[in-house]
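This report concerns only the one structure given below.
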Amino acid sequence: MSQLSQTRQPVAATFLKKLSPRPLIIDVRSAKEVAAAKGGVAVEDSVNVPLNVDGQPQSEHETTAAEFTEKLQAAGVTLPTDAPIVTHCTAGNTPYVGRGARAAALLREMGYANAH
């Protein structure tokens, strides 16, 4: 993995519930995973922006900030840099850095300090 500030632990639900204004939830699973509810059903009002590039897992191709920026723009996501953002994937509490944590780290690298 790159030197991005990443975490293997999900953020506590109590912390997320206190975010104000209501955060944008970015679901970084593939469309196929969302349709199959792998990792749970899509969160209401979330935006699906798959993190992986061309279906390649992060172990094969680690998505760059530039690639994720393009994906966010293609999905129509535009936010002020202080907006609260929560990312979601299928990993949960795993021994590896999941796509949600990777996406949040990329967002922080891109200037979104309130990405979780």
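Filter the range 83-110 down to the residues that are modelled with pLDDT of 90 or more and open to solvent by 40 Å² or more (accessible area, probe 1.4 Å), then identify the one that is nearest to Lys18 (Cα to Cα). Restricting to residues being modelled with pLDDT of 90 or more and open to solvent by 40 Å² or more (accessible area, probe 1.4 Å), the top hit is Arg108. Within the range 61-68, can one find any residue that is in contact with a helix residue (DSSP H, G or I) (Cβ under 9 Å, 6 or more places away or on another chain), part of a helix (DSSP H, G or I) and not charged (D, E, K, R)? Looking through the range 61-68, at least one residue is in contact with a helix residue (DSSP H, G or I) (Cβ under 9 Å, 6 or more places away or on another chain), part of a helix (DSSP H, G or I) and not charged (D, E, K, R). The number of residues in the range 6-65 being of a type in the set (Val, Ile, Thr), touching a residue at least 24 places away in the same chain (Cβ under 8 Å) and touching a strand residue (DSSP E or B) at 6+ places or on another chain (Cβ under 8 Å) comes to 7.
The values are calculated or read from the model by the stated rules, or taken from the named source; none is laboratory data. The shown structure was predicted, so the numbers you read here are calculated from the model rather than taken from an experiment. Here Cβ is always computed from backbone atoms with ideal geometry, including for glycine, and neighbour counts include all displayed protein chains. Just the protein is used for accessible areas: all its heavy atoms, side chains included, with ligands, DNA and RNA removed. Shrake-Rupley method; radii C 1.70, N 1.55, O 1.52, S 1.80 Å.
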